[in-house]
Amino acid sequence: MKFSFLMSEVFSGLRRNISLIVSVVLVTFVSLMFVGAAALLQMQIGGMKDYWYDKVQVAVFLCPADSEAPTCSEGEASDEQKAQIEAALNSPDLADYVEEVHFEDRATAHRLFQEQFEGTSLEGTVPEDQMQESYRVGLVDAEQYGIIKEYFSATPGVEEVVDQNRLLDQLFRVLNIATAVAVGIAVIMLVCAVVLIATTIRLSAFTRRRETGIMRLVGASNLFIQLPFVLEGVLAAALGGLLSGIVLGAGVHFGVTGWLQPRMAGVSLVGLGDVALVTPGLILVGIVMAGVSSALTLRRYMKV
Amino acid sequence: MITFEQVTKSYDQRGTPALDGFSFSAEAGEFVFLVGPSGSGKSTVIRLVLREEVPTRGRITVAGTHTARMPSWKVPYLRRGIGTVFQDFRLLPNKNVFDNVAFALHVIGKSRAAISTLVPDVLETVGLEGKQRRYPHELSGGEQQRVAIARAVVNKPGILLADEPTGNLDPATSQDIMDVITRINSFGTTVLMATHDASIVNRMGKRVIELAGGVMVRDEVGGYLQEGAKR
């Protein structure tokens with residue numbers, strides 16, 4: 001099969017059906033953009049989980065000097081209280097729940113704070129002596145947080161037990177809902193794209209029935225007759241996929257990296273690298289979708 | 001080259017068949033007229049040879065191949081050995097004479113070099129030298145049919161099927177077209193031509209198979225067709 005002849009057939013088909021091809025490009029572009037957005041949201045969640053779930057899951061904050069909590073009536077947590085708390089955390093009672101424990105002193109807390117808010121207006125606002133000491137507890141099962149909270153609810157020297165995952169889970173829930181919405185829209189749009197591609201290919205085959213009739217008559221193979229039509233759809237859909245990648249890239253660059261990241265210091269957000277990872281997938285989804293829908297259409301409407 | 005054995009073709013199961021127990025055989029290099037009124041089954045025979053249809057009953061062999069048993073992916077290869085010409089020429093209006101003929105070679109994957117020698121050769125055979133760059137709308141009906149014949153035979157097929165090739169042409173032009181087809185037949189190509197044109201059939205003195213209502217009523221060499229036979 002001559003490639004140059006095949007491509008000239010493809011481009012003559014694209015030219016003749018330009019308005020429909022443009023609509024195929026736009027519909028696949030929009031639908032794949034939602035697919036890509038869903039993928040990026042999930043990458044965001046995955047990235048945050050990797051980052052945070054590895055870190056300490058529950059913080060047992062010790063009483064600072066000026067706390068008003070009832071368990072802090074004796075003022076700042078003493079070395080003796082700390083020893084008791086640490087012993088309790090390592091006790092057989094909690095052995096089934098606690099995986100690891102480490103102490104975070106003021107210096108470490110301050111350093112982490114500085115790292116987290118580096119480059120933002122919060123950097124340097126809290127002196128080291130105002131940081132709070134804590135025990136960082138890794139749980140065997142993050143869901144068992146309640147047991148730790150209960151256990152230390154009346155322990156002198158413990159101001160508060162905070163489950164950091166609980167805060168994150170709220171965020172993850174929002175992101176998951178956003179993903180579900182994006183996937184829902186993407187599915188509807190993809191169905192539109194498939195139907196539109198099938199219609200376009202049918203119309204394209206109809207406008208070129210004279211050519212295809214002659215092709216059949218002189219013994220062109222089915223593949224040769226059908227390939228230009230399939231390639232038309234595939235090229236349009238691939239272009240739509242590429243466009244969605246470009247627009248997602250622009251959105252991430254200006255919206256996330258440029259606008260959101262400075263406001264969410266300390267959280268690593270998706271960047272252009274993630275978009276570059278997603279885009280080939282989007283183009284592939286477009287190609288497969290167009291290839292399958294046009295091949296099926298041609299099987300029904302263009303018999304030998 | 002072409003053999004029909006007791007071939008019956010019904011397009012719908014209850015109606016009368018378009019072709020009913022039809023048998024004939026055309027040898028390599030033979031020239032056969034298929035005559036008969038409209039609806040007598042001539043076009044069905046052409047479609048069956050091209051394997052656009054398969055027979056309801058009976059067996060068709062084209063160039064040694066049992067067409068009904070042939071897998072559909074092989075059909076294009078059968079058709080490369082058959083040239084076909086129709087009453088309505090079926091040229092591509094946006095391609096010139098050369099490209100219309102070359103199209104038939106492009107789509108079966110012939111090289112550019114082969115195309116550049118085969119196309120001028122065949123255009124000379126059909127008497128269209130010098131008109132390579134003309135578009136179909138710039139040609140007369142007879143010239144357009146010559147282009148169609150050139151396209152049908154450029155791949156040097158063993159069989160030429162012609163379905164009313166002179167149906168749209170005046171008598172003088174029809175005779176020119178018959179001369180072209182006769183020349184192609186003289187190179188050894190088997191010709192099967194369906195026609196109503198009594199004057200052509202009578203002048204040529206070739207084998208004539210007459211169909212009526214899907215049944216063969218006559219098969220004779222040097223046959224005739226009554227002038228003014230009903231279409």
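Values in this text are rule-based calculations from the coordinates and carry no lab data. Small disclaimer: the values here were computed from a predicted structure and weren't measured. Because the Cβ atoms are built from the backbone with ideal geometry, glycine has one as well, and the counts that use them run over all protein chains shown.
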Starting at the first residue of segment B:156-162, write each ³J(HN,Hα) from the Karplus equation 6.51 cos²θ - 1.76 cosθ + 1.60 with θ = phi - 60°, in whole Hz, x for Gly and Pro. 6, x, x, 10, 10, 9, 10
Where does each of A:90-97, B:15-22 land if you order them by average Cβ count within 10 Å, highest first? B:15-22, A:90-97
For segment A:164-233 and segment A:119-153, distance of Cα centres in Å: 49
Taking amide hydrogens as modeled 1.01 Å from N in the peptide plane, which residues meet the under 5 Å criterion relative to B:GLY21, leaving out close sequence neighbours? B:VAL7, B:THR8, B:LYS9
Which of A:LEU41, A:ILE177, B:TYR224 sits farthest toward the positive end of the charge dipole of the protein assembly as shown, with +1 on the Cβ of Lys and Arg and -1 on the Cβ of Asp and Glu? B:TYR224
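Would you mind giving the mean number of other chain beta-carbons within 10 Å of the Cβ of each residue in A:208-217, as a whole number?
Working: counts 1, 0, 5, 5, 1, 1, 10, 7, 6, 15.
The shielding value for this peptide is 5.
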Would you list A:PHE206, B:PHE4 from fewest to most Cβ contacts within 10 Å? A:PHE206, B:PHE4
Expected vector for segment B:100-117, Karplus 3J(HN,Hα) from phi with 6.51, -1.76, 1.60 and θ = phi - 60°, integer Hz, x for Gly and Pro, equals 4, 6, 5, 3, 5, 8, 4, 6, 9, x, 6, 6, 4, 5, 4, 4, 6, 9
If the only charges are +1 at each Lys and Arg Cβ and -1 at each Asp and Glu Cβ, what is the size of the charge dipole of chain A around the Cα centre, to the nearest 20 debye? 4480
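Can you give the charge dipole size of segment A:58-163 about its Cα centre, rounded to the nearest 20 debye, using +1 on the beta carbon of Lys and Arg and -1 on the beta carbon of Asp and Glu? Walk me through the numbers on the way to the answer.
Working: 5 positive and 25 negative charges, 5 e Å.
Dipole about the Cα centre, nearest 20: 20 debye.
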Note to self: C-alpha centroids of segment B:203-217 and segment B:1-49 sit apart, in Å, by 11
Chain B - charge dipole about Cα centre, Lys and Arg +1 at Cβ, Asp and Glu -1, debye rounded to 20: 780
So which cysteines in the protein assembly as shown don't have a second cysteine's C-beta under 4.7 Å from them? A:CYS192
Lys pairs in chain B, Cα-Cα under 26 Å, at least 8 apart or on separate chains: how many? 17
Average beta-carbon neighbours from other chains, 10 Å sphere, peptide B:105-114: 5
Listing B:LEU192, A:LEU6, A:LEU139, A:LEU171 by rising number of other beta-carbon atoms within 10 angstrom, fewest first, gives A:LEU171, A:LEU6, A:LEU139, B:LEU192
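Assign one of three labels to segment A:58-163, namely rounded, prolate or oblate, based on the Cα gyration tensor with a ≥ b ≥ c the square roots of its eigenvalues; rounded applies when a/c is under 1.5, prolate when it is not and a/b is larger than b/c, and oblate otherwise.
Values: a/c = 2.16, a/b = 1.40, b/c = 1.54.
Oblate.
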Along the positive direction of the dipole of the protein assembly as shown (beta-carbon charges: Lys, Arg +1; Asp, Glu -1; about the Cα centre), which of A:GLN116, B:PRO37, B:THR117 reaches farthest? B:PRO37
Taking every DSSP beta bridge with both residues inside chain B, roughly what % is antiparallel (nearest 5)? 50
Please say if the protein assembly as shown is rounded, prolate or oblate, where rounded means a/c under 1.5 for a ≥ b ≥ c the square roots of the C-alpha gyration tensor eigenvalues, and otherwise the choice is prolate for a/b larger than b/c and oblate otherwise? prolate
In whole Å, what is the distance between the alpha-carbon centres of segment B:67-143 and segment A:10-54? 43
Per-residue Cβ contact counts at 10 Å, fewest first, order A:TYR145, B:TYR135 as B:TYR135, A:TYR145
Counting DSSP beta bridges with both ends in the protein assembly as shown, the antiparallel % (nearest 5): 65
Amide H neighbours of B:LEU160 at under 5 Å, excluding residues fewer than 5 places away on the same chain, with H built from the backbone geometry, are B:GLY83, B:THR190, B:VAL191, B:LEU192
How large is the helix-only mean residue ellipticity at 222 nm for the protein assembly as shown, computed as the sum of -39500 (n - 2.57) over DSSP H runs with n ≥ 4, divided by its residue count, in deg cm²/dmol to the nearest 500? -16500 deg cm²/dmol
